[in-house]
Amino acid sequence: MKNRPTIADLAKEAGVSVSTVNRILAGTSKVRASTIQSVQAAAERIGYYGLGVIEARHDEQRPSYRFGFLLQQSSREVYRIFASGIQEAAVQRRGEKVTPLIDFVDRLEPSNIAARLTALGEECDAVAVIAADHPLIGQAIRDLKLKGKPTVAYITDQSAPDRAAFVGLDNWKLGRTAAWFVSEMSPEPGRIALFLGNHRYQCQDMADAAFRSYIREHAPHLTVEDSRPTNEDNDVSYQMMRELLSTGEKLSGVMIAGGGISGVLRALREAPEEQRKGVRLICRDIGPEARKGLTEGLITAALCHPLKDISNNLVETMIDVTKDKAGGTTLQRTVPLEIVTPESI
């Protein structure tokens, strides 16, 4: 029968002294969290029987953070997906204990978002926010900074100079990628519609500008119409899409830069085949409704936030700004977008 690993075996595997292992097990003196983590990993590898004690010592040494996350519209699947990604990223932190406090805002007036952001900041070490860019929100970000509570703009950036960081996609690349899809599949002249949730969402406005830039440069045979705000309302996007399909003019593509994908898909499903045929639909992010639209062949491509990578980046960035690793400068953390098509889903 194989002997159980000894303290000496553990020390050798971890590359530390026996006395260091003894101090960790006894808990009588302070040992660096990184050293405890190395010993814990070694204990897992060799099956050391005292692993539970080492894990407890590591947990005691880990710094603790309470982070607030102000997301939007609890009724929208995409924000619930973001919330689950954040919770998973917090749980998986090995070097720190991160407690996420996730709040949803259904009333999107800037004054309400600013008030909710301020209240969340009072309870947390740092906050992350998804919101339209507005001076009232910028003032809330400044007030929190003065209280030592950094704010990270998530998914869509803020113009507030007092924000600590931005974590999201490169929306210029996203917009041009969307335009590439539409133009490559639309050789004949036609029109393109762009749906925005709100012009104050920087991520959407940037994607809109980039889309137009690509079409001007590479596909002048296509006409991009004025952007249509949906206010993130599926009933509004449904009516807009119905009107577009009923005009009789050739519709080559639709880019959904913000919310409203469910309404657009409903209109397409109701439309006769001859009306919807040849319409290239590009959307952002992927929830159950977009996934269904892809399998039906109604969506050409979804340009998504990679949930695991962006969630891990967000939590890591919030730790960095809390420690002020950036030295007061605004961090910019961009994550490569994920492209999903009907054939890859």
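The values are calculated or read from the model by the stated rules, or taken from the named source; none is laboratory data. Note that the coordinates shown come from a computational prediction; the quantities given were computed from them, not determined experimentally. We place every Cβ from the backbone using ideal geometry, glycine too, and count neighbours over all the protein chains shown. The area values use the complete protein model at the heavy-atom level, side chains included, leaving out ligands, DNA and RNA. Shrake-Rupley method; radii C 1.70, N 1.55, O 1.52, S 1.80 Å.
Tabulated results
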{"item": "Helix 261-270 vs. the chain, principal-axis angle (Cα, 0 to 90°, nearest 10)", "result": "40 degrees"}
{"item": "Heavy-atom accessible surface of region 27-98: percent carbon and sulfur, 1.4 Å", "result": "46 percent"}
{"item": "Degrees separating the helix 135-146 axis from the principal Cα axis of the chain, which is the longest one", "result": "10 degrees"}
{"item": "Charge dipole (region 1-144, unit charges on Cβ, about Cα centre) - positive-most of Gly121, Ala41, Leu101", "result": "Ala41"}
{"item": "Residues of the chain: accessible area per residue with a 1.4 Å probe, Å²", "result": "47 Å²"}
{"item": "Reported label for calculated Rg and Dmax of the Cα atoms in Å given (i) 19.1, 57; (ii) 24.8, 82; (iii) 19.8, 63", "result": "(ii)"}
{"item": "Cross-link reach list, aspartates and glutamates versus Lys173, counting only Cα pairs under 18 Å and skipping chain neighbours closer than eight places", "result": "Asp157, Glu184, Asp205, Asp208, Glu217, Asp285, Asp309, Glu338"}
{"item": "Overall Cα dimensions of region 60-176 - principal axes, largest extent first, Å", "result": "42, 34, 28"}
{"item": "Length-normalised contact order of region 15-54 in % [C-alpha pairs under 8 Å, at least 6 apart]", "result": "34 percent"}
{"item": "Cα-centred dipole magnitude for the chain, charges only on beta-carbon of K, R (+1) and D, E (-1), debye, nearest 20", "result": "1220 debye"}
{"item": "Student exercise, region 144-196 dipole from Lys, Arg, Asp, Glu Cβ charges, in Debye to nearest 20", "result": "380 debye"}
{"item": "Burial order of peptide ranges 124-132, 15-23 (average beta-carbon count within 10 Å, highest first)", "result": "124-132, 15-23"}
{"item": "Amide H within-cut-off set for Asp170, under 5 Å, with H built and near neighbours excluded", "result": "Val335, Leu337"}
{"item": "Extension gain from Lys97 to Lys277, taking 0.36 nm per residue of separation minus the Cα-Cα distance", "result": "59.6 nm"}
{"item": "Simple Cβ-charge dipole of region 1-128, Lys/Arg +1 and Asp/Glu -1, about Cα centre, in debye nearest 20", "result": "580 debye"}
{"item": "Vicinal HN-Hα couplings computed from phi for region 123-131 (Karplus, 6.51 cos²θ - 1.76 cosθ + 1.60; Hz; Gly/Pro x)", "result": "9, 10, 7, 7, 10, 10, 9, 10, 6"}
{"item": "Accessible surface of region 210-292, 1.4 Å probe, proportion on carbon and sulfur as whole %", "result": "43 percent"}
{"item": "Computed label-point distance, nm, for sites Thr28 and Thr295 using a 7 Å Cα→Cβ extension", "result": "6.2 nm"}
{"item": "Dimensionless Rg/Rh of region 96-237 - Kirkwood Rh, Rg from C-alpha atoms", "result": "1.08"}
{"item": "The chain, relative contact order [Cα under 8 Å, separation at least 6], %", "result": "14 percent"}
{"item": "Entries of Lys147/Lys308; Lys250/Lys292; Lys30/Lys97; Lys277/Lys308 with Cα pairs more than 29 Å apart", "result": "Lys147/Lys308; Lys277/Lys308"}
{"item": "Per-peptide average of other Cβ atoms within 10 Å, ordering 199-208, 75-84, 303-312 highest first", "result": "199-208, 303-312, 75-84"}
{"item": "J(HN,Hα) series, region 224-233, from Karplus relation 6.51 cos²θ - 1.76 cosθ + 1.60, nearest Hz, glycine and proline x", "result": "8, 7, 4, 5, 10, x, 9, 6, 6, 10"}
